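The values are calculated or read from the model by the stated rules, or taken from the named source; none is laboratory data. Only a predicted model underlies this, so the values are computations on that prediction, with no experimental measurement involved. As a convention, Cβ positions derive from the backbone with ideal geometry for all residues, glycine included, and neighbour counts pool all protein chains shown. Only protein heavy atoms, including side chains, enter the accessible area calculation; ligands, DNA and RNA are left aside. Shrake-Rupley method; radii C 1.70, N 1.55, O 1.52, S 1.80 Å.
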Amino acid sequence: MQKPGVNEIREKYLSFFESKDHLRLPSFPLVPQGDNSLLLINSGMAPMKPYFSGEQTPPHPRVTTCQKCVRVIDIEQVGRTSRHCTFFEMLGHFSFGDYFKSKALAWTWEFYTEVMGIDPELLYCSVYLEDDEAWDIWVNEVGIPLKRMIRLGKGDNFWDVGSGPCGPCSEVYYDRGSENGCGSPDCAPGCDCDRFVEIGNNVFTQFNNDGAGNYTPLAKKNIDFGGGLERLACVVQGTDSVFGIDTMREIMRHAEDLAGIKHGASERGDVSLRIITDHIRSTVMLICDGVLPSNEGRGYVLRRLLRRAARHGKLLGITRPFLCEIAETVVRESGAAYPELIEKQGHICKIIRLEEERFEATVNAGLSLCVEMTDRLKAAGQSVFPGADAFRLYDTYGFPIELTLELLEEQNLTLDRAAFDAAMQSQRERARAARGDIGGWGSGGEELDLPGDETVFTGYTSPSETAAVLAVLDAGEDKTAVLLDVTPFYAESGGQTADTGVIENDSGVFMVSGVQKTKDGKFLHIGELVSGELNAGMTVSAKFDAERRAAIRRAHSTTHLLHKALREVLGTHAEQAGSLVEPDRLRFDFTHFTHLTDAELSEVRERVIEYIYRGASVAASEMPMDDARKKGAMALFGEKYGNIVRVVEMDGISAELCGGTHVRSTAEIGAFIMRGDVSIASGVRRIEAQTGPLVLREYNNLNRTVSELSAILKTPPESLGAKIEQQLSLIKTLRKSAESFKTGGLRADAERGFASAQSINGLRYVTLKSGVWNSEDMRAIGDYLRDKDPNIVAVVASTLDDRLTVTAVCGKNAVANGVKAGDIVKKICAVTGGGGGGRPDSAMGGGGDPSKLDDALKTML
């Protein structure tokens, strides 16, 4: 019996659900319609979101589709495995408030066993742990034996995005046999080995999550089924590899014929054949749906796929443009299902040929030279590719550094990246020195109605770009803003400071001191035109300061490590509340309600240092928000994210949503030092830290200070602590002695004044003056006299540093007789030309002419 092909399987599926009163809809385009949260359609359910959310009314309560999908998150794995693909098709049937679990599960089973003829004994079904309803349907209605039923936890069998509609799911697995398993007696669906392959998943959206983990039933329950067409074809056709199914095999056969090799001849050749087979499918489908090669968004995805396939053709020995030929096979294999491929075949092939020729003209010479260089390197028994050679490929032949890195990885070689970066920096310095200031520049206008689309940012992978100047603007304060169509410069965002660097061509040199991003995604390069002129329409080279960027990367990656350490030491309530990332400096704000103890600070510090020296790999990738949540990626509270997010993962340490730039390994951070925390708001603390060479400079300064102290105290550095404690103890003792001595002297001065007091109407009047007392001394003398005799009326004056200060005190009997210290001070200061006042029993004043003090004192009697 002939096994059904991919096109037949697709048709059987759609026809089957049409027989169940489903409306067949054609595949939606790969470019999302009215959904800016997605770059490309990446699942069968993605186009259905408006129907599930209630934003739009579905054309029928029951719908079935076979949806084209593109995912490039695992592009580096494509070719290396037998199952990863960038293009795939998802079989789907959907119920919008119509039927529910009973019919969904029964029809799923009927399709797999009766329509596709899969042996029921090889199918297993999983349900969510608490979904007794689905379990009962599988066992009692469909008749699945208990030995082929399994309950799985929330991570495997519950679809939940954190807020909104959600629910349990039930998967169908195909048993590929124990020979493909891990050998464990506990091996079952859900195991990470290759024995059990999921071929379909029913999601039952029956609850609403309020975002706090509270689930309430939905008034209308939905069904969302998804099953990979290629994966099902593998099962039905009995092949272990997705590249072995009929349509893929025809595409690969064409590539084999052009290359003159067969799949299976060598692992290296197999990788290239698989990459070409997969990438040309994605390329054809994307171009058919209106995507064109470019340096931004979807166009960048297409360009990367096409050029990667072209390069692997060269690795197979294909020396001419060939992808447009294989594209014809893609159209032939899928044209019946997607007739638009046939209609647009000429356009598709033209775009592929033009892009392939452009790529060949750009890098052909560099590619050959790179291969020669790596061959010589390996022949010499070396494994590190010189940075100077990589720079030559980049500077002379326009060979992208990321392409060099990919080639080196395939050859098990590494790049001397430090030398490459140093060569880049030297080129900048030579260019500045040679060019000089030739005066004059041209303005592109001051209007803020900025031309062009969103600026294409390539700075994650490229230190420089050839770009077109779209506008030159007056930025105020003697600054100019330059708008480019594409840039490697990072714009200030997410707490990370902007890149600096240079934009230049033969006509002018513009030094970039900052970059701001407008609301509509355009990057304004702020800086100064130091020579020549730049005008709209010019082509320029834009290069950021690689050394400064490296220092920023170190600091930014450290914020992630610090965040992780704080959460581990203090608890998960410690969340990022803000940050500032500058070259080798960082400021990190986090939620916590108390000052960190010395022990907590020490533990946080030690954890960060341990993460650094662990040398964990750091990788950034874009993925749907749902996938990011499944990875456990942390999102910052209050931030808005699209459906596609960038996740920065530090292997075995953390995963965070982040758009910033980072090191490739935590070991690149090098040194780390942090200071204690301070409070900046209620419940928010702040830690400041330094990284990299800046820490070493701090330590050098500290060592210099320690050496100076050692010389002053005449003691070795290791004994400084004990010596300083000894000196502090001595100082404390001496201070007490001096205070005691001074107190005794002040008391003697007070007694001297008391002995010479004049008695008038039962009150004792005392006047004391000195040129050495400070205000505290005077207050002490006054308090002593007031406490000694309730009839006392005393004035204590000082002309220390030629500044007049007066204190007056009155005992309680004197106050009772109407004598007030405040009035006395006012009378005295009125004579000297100063001012003052206070309470009836104590007052102070000063200022004016000290030479009039004696005359002023007479007024108190």
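So the values come out like this:
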| quantity | calculated |
| --- | --- |
| Considering residues of the stretch 121-177 that are of a type in the set (S, T, N, Q) and within 16 Å of Lys103 (Cβ to Cβ) only, the residue least open to solvent (accessible area, probe 1.4 Å) | Ser170 |
| Residue that is nearest to Glu340 (Cα to Cα) [pool: residues in the stretch 270-288 that are in contact with a helix residue (DSSP H, G or I) (Cβ under 8 Å, 6 or more places away or on another chain) and open to solvent by 10 Å² or more (accessible area, probe 1.4 Å)] | Arg281 |
| Residue that is of a type in the set (Val, Ile, Thr), loosely packed, with under 11 Cβ neighbours inside 10 Å and modelled with pLDDT under 90, where the choices are Ile680, Ile731, Ile712 | Ile731 |
| Selection from the stretch 27-65 of residues that are loosely packed, with under 14 Cβ neighbours inside 10 Å and either part of a loop (DSSP other than H, G, I, E, B) or touching a Phe, Trp or Tyr at 6+ places or on another chain (Cβ under 9 Å) (or both) | Gln33, Gly34, Asn36, Gly54, Glu55, Gln56, Thr57, Pro59 |
| Qualifying residue in the stretch 488-497 (condition: touching a His at 6+ places or on another chain (Cβ under 7 Å), open to solvent by less than 40 Å² (accessible area, probe 1.4 Å) and in contact (Cβ under 8 Å) with a residue 40 or more places away in the chain) | yes |
| Condition broken by Glu355, with the remaining ones in (1) in a helix (DSSP H, G or I); (2) among the charged types (D, E, K, R); (3) open to solvent by 60 Å² or more (accessible area, probe 1.4 Å) satisfied | (3) |
| Condition check for Ser163: polar (S, T, N, Q), more than 24 Å from Ser27 (Cα to Cα) and within 34 Å of the chain's Cα centre (by Cα) | yes |
| Pairs, first in contact (Cβ under 8 Å) with a residue 60 or more places away in the chain in the stretch 811-832, second surrounded by fewer than 22 Cβ atoms within 10 Å (Cβ to Cβ) and in a helix (DSSP H, G or I), C-beta under 7 Å, six or more apart | none |
| Residue in the stretch 83-95 that is modelled with pLDDT under 90 and in a loop (DSSP other than H, G, I, E, B) present | yes |
| Number of positions in the stretch 126-143 that are touching a Pro at 6+ places or on another chain (Cβ under 6 Å) and charged (D, E, K, R) | 1 |
| Of the criteria (1) surrounded by fewer than 19 Cβ atoms within 10 Å (Cβ to Cβ); (2) part of a helix (DSSP H, G or I), which one Gly313 fails | (1) |
| Criterion (part of a helix (DSSP H, G or I) and surrounded by 16 or more Cβ atoms within 10 Å (Cβ to Cβ)) met by exactly one of Gly745, Gly782 | Gly782 |
| Of the criteria (1) touching a Gly at 6+ places or on another chain (Cβ under 9 Å); (2) open to solvent by 50 Å² or more (accessible area, probe 1.4 Å); (3) among the polar types (S, T, N, Q), which one Asn222 fails | (2) |
| Residue in the stretch 601-609 that is within 30 Å of Pro32 (Cβ to Cβ), touching a residue at least 12 places away in the same chain (Cβ under 8 Å), in contact with a strand residue (DSSP E or B) (Cβ under 9 Å, 6 or more places away or on another chain) and crowded, with 20+ Cβ neighbours inside 10 Å present | no |
| 3 or more residues of a type in the set (Gly, Ala, Ser) and over 22 Å from the mean Cα position of the chain (by Cα): qualifying strands (runs of 3 or more DSSP E) within the stretch 521-591 | 523-532 |
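Conditions (1) modelled with pLDDT of 90 or more; (2) among the hydrophobic types (A, V, I, L, M, F, W, C); (3) surrounded by fewer than 17 Cβ atoms within 10 Å (Cβ to Cβ), marked per residue:
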position: Val806; (1), (2), (3): yes, yes, no
position: Gly837; (1), (2), (3): no, no, yes
position: Asp841; (1), (2), (3): yes, no, no
position: Gly847; (1), (2), (3): no, no, yes
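Residue by residue, here is whether (1) modelled with pLDDT under 80; (2) open to solvent by 50 Å² or more (accessible area, probe 1.4 Å) holds:
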site	(1), (2)
Ala423	no, no
Ala431	yes, no
Arg435	yes, yes
Gly444	yes, no
Val456	no, no
Ser462	no, no
Val472	no, no
